[in-house]
Amino acid sequence: LHKILVFILKIFYSNLYHSFAWSYDFVAWIVSSGEWFDWVKQTLAFVSKGDKVLEIGFGTGVLFKEVTNLGNQAFGIDESRQMIQITRRRLKAFDRNLKITQGNCLALPYKNEAFDLVLSTFPTEFVFNLEFQAQIRRVLNKNGKLVALLGVTFNRKSFVDSFYRFLYALTGQNFNVEFIGENWRKVNGEENLRFTVKDIPFKGRILHFLLIEKF
Ligand SMILES: C[S@@+](CC[C@H](N)C(=O)[O-])C[C@H]1O[C@@H](n2cnc3c(N)ncnc32)[C@H](O)[C@@H]1O
């Protein structure tokens, strides 16, 4: 049964990023009790003035717009044509600085050491891919870092949070900090990269950020 559910979810997600991309913001709102983009925007705390930023898998472009608003030079890449369209529409007013590309983050079309900061919120499995990590090492400046918002734990003592914990457990979305830690420790031997998981409390929930620093 679990395998069938995982299979159905895979198809569901794929559609959500492509043919059903128009419904993405609504679905994100539902699965987060309305807080999805509040969570996503917490990533802005990691952005310093003047940082040259790359966002990977920007989806509907909510964070990308905020980063552009800060005045930072920002580049974005997403593999979904539909997501690109939605983001272009959202950013119309800013298109002078717009550098968004349709492409695969496992083969980033940027020069070596091109960015101070790489952001990714709610990335899919690509974030665990060693090829992705190699790309990150390549495009980051020395002392640059990747900040990825990997997941959220519903920690409030409320019916709503119990419900979401149940829902996430059912769909296998439960965030397993231990597993992530394991995975990072395995690759921690990689030269010049430091992996840390940073848990930031936010309104009774916990946001789990992964930091990969290049030194
Ligand atoms: C769960 S959504 C997250 C969107 C947005 N960052 C947010 O927080 O709402 C994942 C996004 O990553 C994109 N994506 C998935 N695999 C990718 C890849 N290999 N290269 C680039 N983008 C990818 C999808 O098209 C989708 O827009």
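Quick one: among Lys203, Lys41, Lys52, which has the greatest mean-square fluctuation in a GNM of the chain with alpha-carbon springs under 10 angstrom?
Lys203
Quick one: putting +1 on the C-beta of Lys and Arg, -1 on the C-beta of Asp and Glu, what dipole do you get for segment 80-175 around its Cα centre, in Debye to the nearest 20?
So the dipole magnitude of segment 80-175 works out to roughly 380 debye.
Which percent of Cα-Cα pairs in segment 1-125 sits in each 10 Å bin, short to long?
12, 42, 34, 10, 2
Could you calculate the contour length gain from Asp38 to Arg89, that is, 0.36 nm times the residue separation minus the distance between their Cα atoms, to one decimal place in nm?
So the chain would gain 16.3 nm between Asp38 and Arg89.
Taking the alpha-carbon distance from Lys198 and a cut-off under 16 Å, which lysines remain once sequence neighbours fewer than 8 residues away in the same chain are dropped?
Partners within reach: Lys41, Lys145.
Could you tell me what % of all Cα pairs in the chain have separations over 29 Å?
The share of Cα pairs beyond 29 Å in the chain comes to 24 percent.
What spacing in nm lies between the two simple spin-label points modelled at Trp22 and Asn192, each 7 Å away from Cα in the Cβ direction?
For Trp22 paired with Asn192, the spin-label model returns 4.5 nm.
Need one number: nm distance between label points at Ser158 and Asn15, each 7 Å from Cα along Cα→Cβ, rounded to one decimal.
3.1
What nm distance separates the two modelled labels at Ala107 and Lys49, each placed 7 Å from Cα along Cα→Cβ?
Distance between label points: 4.0 nm.
May I ask which residue of Asn15, Thr121, Phe58 lies farthest towards the positive end of the charge dipole of segment 1-155, with charges of +1 (Lys, Arg) and -1 (Asp, Glu) on Cβ and the Cα centre as origin?
Comparing the listed Cα positions along the dipole, Phe58 ranks first.
Given Cβ point charges of +1 (Lys, Arg) and -1 (Asp, Glu) and nothing else, what value in debye, to the nearest 20, does the dipole of the chain about its Cα centre take?
Dipole magnitude for the chain comes out near 340 debye.
Quick one: putting +1 on the C-beta of Lys and Arg, -1 on the C-beta of Asp and Glu, what dipole do you get for segment 31-105 around its Cα centre, in Debye to the nearest 20?
Charge dipole, segment 31-105, about its Cα centre: 380 debye, nearest 20.
Read-outs throughout are calculated quantities, based only on the coordinates presented, and are distinct from any laboratory measurement. Predicted model only: the values in this text are computed from it and were never measured. Glycine gets a Cβ as well: all are built from the backbone with ideal geometry, and neighbour counts include every protein chain shown.
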